[in-house]
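The values are calculated or read from the model by the stated rules, or taken from the named source; none is laboratory data. Every value quoted in this text rests on a predicted model; they were computed, and no experiment measured them. Positions of Cβ are backbone-derived with ideal geometry, glycine not excepted, and every protein chain shown enters the neighbour counts.
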Amino acid sequence: MNNMSFKINWLSWFISIQMIGFSVVNLSCDTKIEKAITTNDYQDLIILFREFRDFQDPTLVNGIPDFTEIAMNEQYGGLKVLQNKLSEIDTTGWSIPYQVDYHLLRAEMNGLEFQHRILKPWSRDPCFYSIRPGMTDHFSIEGVLPHPESFPLLENDFQTLKTKLENVPKIYAQAQKNLTNAAGDLARLAIHFTKEDVQLLNDLVDRLKTYHPKLELHAQKARDSVEDYLQWLIKNQDSMTEPAGLGIENYNWWLKNVHLVPYTWDEIVNAVHMEDNRLYTFLKLEQNQNRDLPKMNSVKSPQEYHDYVRGAVDHLMKFLEEEEIFTVQDNLDIEKYWSARKSSFRLGSDALGVPDYFSYYVHREPVPHEAHEGLGHDFEWQRLANDDREIRGTRRLYFIEWIRDEGWAFALEELLMHAGVLNNRPARGKEIVYEQAIFRNCRALSDLRMHSRELNLDEAMEFCVDCAPHSELLDDSHHLWYEMRTTLRIPGWHMGMVLGKIQIMKLFRDRAKQLGDEFKLNQFLDEFLATGFIPISLVRWEMTGLDDEIKELVQ
């Protein structure tokens, strides 16, 4: 995902080292939790939402966030006070949208609880301390590592970079104290990517020699602190023996209470396998239909790639309008997406110049990828930026909307194909849709099986290579390492692509059965998108009035 201009949650913020001020309510774990006064006023939910959003940010000590054991224990105690306040808000008589907002806040509080009880990234995840751009590599890398095109820096940017570079050694010194129960596989991932961090800082040092020599020493000290952290990880790796996976019981608690998913680990595994059966069947039918056609050719130059992708974007926009798929409001601007898109992924390479797995497909038929990234993700972030509902229109914390986000973007690849978007284009493009979907299933199963502790990191990587189409492009690739890091660090992201798509198709069925002949695709999708960036179980409740899932989730 590109162009994420949303408010990053505090975990993501910390890793990208965005040094801005925060405050926290300092409450110890043994704080006496007094019974809150029951209220039925929606405005009290708004007030508590604001209080929680301020509270969940870490304090700054000497210019850096404090993730020491004492600070985290105090925050956990304060969380219990806020959860008690929420439990005393009575939603009787509230409209469904207001009740949905209540459950959004409940899920976010549960998300912070899960961080403290289970994930504890500050003490068990060496990847938590990184100059990299956030919980995933989708966040901006302009923090400690300014984009090469930004040089020479403006005065304000110069001072900001100076402060950030000065803070890097302090962060890594805290890391070595905080990581008291590090997980072995997370340590392996940290070592792999910290080596790249050192190289990125070496590149920064060289660039500063040319443009800003006064910052060169600061960058050298930052690089040295990262190198020291790397050597510390290597030296202590054998003692980092905690499991990285959550375990099924914890995974199920997280599904139900944080992501508001009405399915268990076992049910999701079965659903992914059923989806895999379907995809392989349709792929083989499609390949048989295309058996006499030549293989699809790849683009040969950056300009050809640029023109091919731009044509795909224009084709998608025209298709949406002509086929009445969903409404593109005036405040959705495809050129915002394209302005960033055309300067990245040029020939399927990431910032380090390593080919991306999906480049094989994008070079041959870019429409599915552009549907995913542009119509799926980028338009979603633009809608969110224009959403003025205080709770609903705010970027969710702890990735509780991730299944909705990835499920929608992933679903668009195949749903638009069935709607006809690939008609009159190279015939083998449909094969690409199925093969990319199969790879998502591989990632989903590696997610589920690593967190059930059936597979360790090495086994999961081997599983993905054996499972994925064109696996020769994946074996020991930067892309595979990246996928494993996000899978272990953000439980359910890759599983959520497949599950979210399944939930959306269930919503199709439920709403179509309600409306019968009155069902219209564009009206359905407009209503779906208008609900906001929230878990699909809440979307379904609001759109259909069916409350069976939410009743199950609050038991």
Response to the item:
Just one listed residue, out of 445, 488, 499, 515, is at pLDDT below 95 and assigned to a helix (DSSP H, G or I), and it is 488
Worksheet item: Taking residue 506, is it farther than 22 Å from residue 379 by Cα and charged (D, E, K, R)?
Response: yes
Discussion item. Pull out all pairs, ordered by first then second residue, where Cβ-Cβ is under 8 Å, the residues are six or more apart or on different chains, the first lies in segment 75-103 and is over 18 Å from residue 389 (Cα atoms), and the second is small (Gly, Ala, Ser).
Written reply: 77/28; 84/36; 85/36; 87/36; 88/36
Response to the item:
Scanning segment 276-331 for residues that are small (Gly, Ala, Ser) and outside any helix (DSSP H, G or I) gives 298, 301
Item to complete: Could you check, for segment 399-411, whether at least one of its residues is modelled with pLDDT under 95, touching an Asp or Glu at 6+ places or on another chain (Cβ under 7 Å), surrounded by fewer than 19 Cβ atoms within 10 Å (Cβ to Cβ) and under 18 Å from residue 100 (Cβ atoms)?
Response: no
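Say we look at segment 168-186 and pick out the residues that are part of a helix (DSSP H, G or I) and of a type in the set (S, T, N, Q); which of these is surrounded by the fewest Cβ atoms within 10 Å (Cβ to Cβ)? Step through it out loud before you land on a result.
As a first pass, look at segment 168-186 and keep what is part of a helix (DSSP H, G or I): 168-178, 184-186.
Keeping just the survivors that are of a type in the set (S, T, N, Q) gives 174, 176, 178.
On the way: 174: 19, 176: 14, 178: 23.
The residue in question is 176.
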Discussion item. Looking at the structure I just gave you, is residue 260 in contact with a Pro (Cβ under 8 Å, 6 or more places away or on another chain) and either in a loop (DSSP other than H, G, I, E, B) or surrounded by fewer than 16 Cβ atoms within 10 Å (Cβ to Cβ) (or both)?
Written reply: yes
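Per-residue answers, yes or no, for (1) at pLDDT below 95; (2) exposed (fewer than 12 other Cβ atoms within 10 Å of the Cβ); (3) farther than 25 Å from residue 440 by Cα; (4) not assigned by TED's automatic domain parsing to the domain that holds residue 535:
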| residue | (1), (2), (3), (4) |
| --- | --- |
| 272 | no, no, no, no |
| 281 | no, yes, no, no |
| 299 | yes, no, no, no |
| 351 | yes, no, no, no |
| 362 | yes, no, no, no |
Item to complete: Output yes when any residue across segment 451-458 is more than 27 Å from residue 130 (Cβ to Cβ), surrounded by fewer than 19 Cβ atoms within 10 Å (Cβ to Cβ) and either modelled with pLDDT under 95 or not basic (Lys, Arg) (or both), and no when none is.
Response: yes
Discussion item. Quick check on this structure: which one of 189, 215, 165 is more than 25 Å from the chain's Cα centre (by Cα), at pLDDT 95 or above and either surrounded by 15 or more Cβ atoms within 10 Å (Cβ to Cβ) or at negative phi (or both)?
Written reply: 215
Worksheet entry | Residues that are among the charged types (D, E, K, R), out of contact with any strand residue (DSSP E or B) (no Cβ under 9 Å at 6 or more places or on another chain) and at pLDDT 90 or above, drawn from segment 31-57 | 50, 51, 53, 54
Discussion item. Of everything in segment 222-255, what is of a type in the set (D, E, K, R) and within 17 Å of residue 130 (Cβ to Cβ)? Give them in sequence order.
Written reply: 223, 224, 227, 228
Worksheet item: Does any residue in segment 369-397 that is part of a helix (DSSP H, G or I) come within less than 6 Å, Cβ to Cβ, of a residue that is of a type in the set (Phe, Trp, Tyr) and surrounded by 18 or more Cβ atoms within 10 Å (Cβ to Cβ) six or more places away or on a different chain, and which pairs are these?
Response: 374/337; 376/408; 378/337; 384/533
Discussion item. Quick test for you: out of 206, 238, pick the one residue that is closer than 22 Å to residue 188 by Cα and without any contact (Cβ under 8 Å) to a residue 24 or more places away in the chain.
Written reply: 238
Response to the item:
Taking segment 405-442 and keeping residues assigned to a loop (DSSP other than H, G, I, E, B) and free of Cβ contacts under 8 Å to residues at least 60 places away in the same chain leaves 422, 423, 424
Practice prompt. Look at segment 284-318 and say how many of its residues are more than 30 Å from the chain's Cα centre (by Cα) and under 30 Å from residue 333 (Cβ atoms).
Written response: 3
Practice prompt. Within segment 290-309, track down each residue that is over 19 Å from residue 339 (Cα atoms) and either aliphatic (A, V, I, L, M) or in contact (Cβ under 8 Å) with a residue 12 or more places away in the chain (or both).
Written response: 290, 293, 295, 296, 297, 298, 299
Worksheet entry | Residues satisfying the stated conditions in segment 440-461, i.e. in contact with a Leu (Cβ under 8 Å, 6 or more places away or on another chain) and either among the hydroxyl-bearing types (Ser, Thr, Tyr) or within 18 Å of residue 473 (Cα to Cα) (or both) | 441, 446, 461
Fill in: Sole exception among (1) surrounded by 15 or more Cβ atoms within 10 Å (Cβ to Cβ); (2) at pLDDT 95 or above; (3) farther than 21 Å from residue 501 by Cα for residue 314, by number
(1)
Practice prompt. Could you tell me which of the residues 98, 76 is part of a helix (DSSP H, G or I) and more than 26 Å from residue 182 (Cβ to Cβ)?
Written response: 98
